[in-house]
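I have placed the structure first, in the form of structure tokens, so that the comments after it can refer back to it.
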Amino acid sequence: MATIVAISTAPGVGGIGIIRMSGDDCFNILNKIFIPKNKGEIENYKMKYGKIINSSTNEEIDEVLVSYFIAPKSYTTENMCEINSHGGIIVMNKILEECLKNGAELAEPGEFTKRAFLNGRIDLSQAEAVIDVINAKSNIEAKASINQLRGSLSQKIKKIKEKIINIMVDIEASIDYPEYDVEEVTNEKAKNQIEEVLKELRKLENSFNDGKIIKEGIKTVIVGTPNAGKSSLLNAILDEERAIVTSIEGTTRDTIEEFVTIRGIPLKLIDTAGIRKAKDEVEQIGIEKSKEYIKNSDLVIAIFDATKALKPEDIEILEMIREKNAIIVLNKEDLNSNVLDKEEKILSSGKKVIKISALKKTGIEELYDEIAKLFNINKLQIEDGEFLTNVRHKNSITNAIKKLEKSEQTILDNMPIDIISIDIKDALEELGKITGDSVSEDIIKEIFKKFCLGK
């Protein structure tokens, strides 16, 4: 494969920039542009100080430190180096140009990690964990991604696949040597083993509900009538003046979205347009979007002005959240005029009611406690392989479950034993898609397109 190169640090000005290069010709290209302070043999995992020069003019470009990684003990398992330069974009681009001029090719997004996968250092689920670590929005998401990067999911899938292979071995032996096996005995044994595997797969499949929260956060919609305090609550949670707050009704005419971490879990907070009879077409569009967000949310925070009696729009909101995970917030308790304390429509809603002052930022911690309780956040323990956070993995496991359930039904229908093996093989292939053992080139390309350059 060609020697590839890319800038691995984020664009912009910084103290240090890193240009990464990997491939058989890596050190030969480096020798043409790098003059070390001290000559001598290179050593694995060691650095050399020196300068990068223009290979055509010998003009110095920058003083650098170069890290050496000798195959196979590198990220890609190939010869690899990282040029640590000053962080200016001009300097880094000049060094990159020298590498390209002397024989390297510009790396595609994620190509270093792709080579680590293709060269067998990591499997596909571990490669996907790399981008999850980079994109993690909370400590718990980072921890789950690190566990997957270490191979926790891979090991779990490997053990399940071994159990399925053992089922296949028994079936194949029964087919090849029928005189030594009673088919009914083989079928019963296979059925019991399939049921054992299904239990493990269903447990993994069910873990996706928590895994989705860990990775994507809780999609939380703040809803209420105009001037109930939606934007003030958003600002209080974010601890910044993110949304415009005025006494004029209908200030928020479109959604505002922000991420915030609550008790270690990210919340995707969405401040919506106030629910009321729209004054114009633009506001009507905003209100319709608000209603759509409520339908697709994980959590609704329904906020009401505690100093005013319920209006028809408030009652409409209570109806919209009836079947949703929702918390009712009575705002403006600092005004000591809580006319909604004994409001039957709120008390009979079955939702937790919390009193706050978004202006004074009181009651916010109680709101956090209720969110944590509602989603069992404090009970989420990141154990090895216990959480699925990737929808691709979840789909493969769901498909594997369907195949095994079908094979189990085939046994119950007293079908020939070789027919049973077809669905079991398909289940094995579905699990292989997670680790990359049986995945198409198109899927591999699609996965690595999500990576940044230089990773």
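Bear in mind these aren't lab numbers, they're just calculated from the coordinates by the rules spelled out. All values reported here derive from a predicted model rather than from experimental measurement. When we count neighbours, we look across all protein chains shown, and the Cβ atoms used for this are built from the backbone with ideal geometry, even at glycine.
The figures follow:
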quantity	calculated
Cα-derived Rg over Rh, computed across the range 287-424 with Rh taken as Kirkwood radius	1.24
Ranked list, fewest to most other Cβ atoms within 10 Å of each Cβ, for 140, 422	422, 140
Long-range amide H partners of residue 225 with built H, under 5 Å	275
Under Karplus coefficients 6.51, -1.76 and 1.60, residue-wise ³J(HN,Hα) of the range 125-138 in Hz, glycine/proline x	5, 5, 4, 5, 5, 4, 5, 5, 4, 4, 8, 4, 10, 8
DSSP-defined beta bridges in the chain - what % are antiparallel, rounded to 5	60 percent
Taking 20, 392 and counting other C-beta atoms within 10 Å, the order from fewest to most	392, 20
All-pairs Cα distance distribution in the range 4-107, expressed in whole percent, bin size 10 Å	16, 53, 29, 1
Phi to ³J(HN,Hα) by Karplus 6.51 cos²θ - 1.76 cosθ + 1.60 over the range 48-53, Hz, x for Gly, Pro	10, 9, x, 9, 9, 10
Principal axis box of the chain, alpha-carbon based, largest edge first, Å	81, 81, 38
Pairwise Cα inverse-distance average, inverted: Kirkwood Rh of the range 90-132 (Å)	12.0 Å
Of 161/199; 158/455; 295/394, those spanning more than 18 Å from alpha-carbon to alpha-carbon	158/455; 295/394
Taking 99, 81, 452 and counting other C-beta atoms within 10 Å, the order from fewest to most	452, 81, 99
C-alpha center-to-center spacing [the range 402-455, the range 302-356] in angstrom	49 Å
Dipole magnitude of the chain, debye to nearest 20 (Cβ charges: Lys/Arg +1, Asp/Glu -1, about Cα centre)	1400 debye
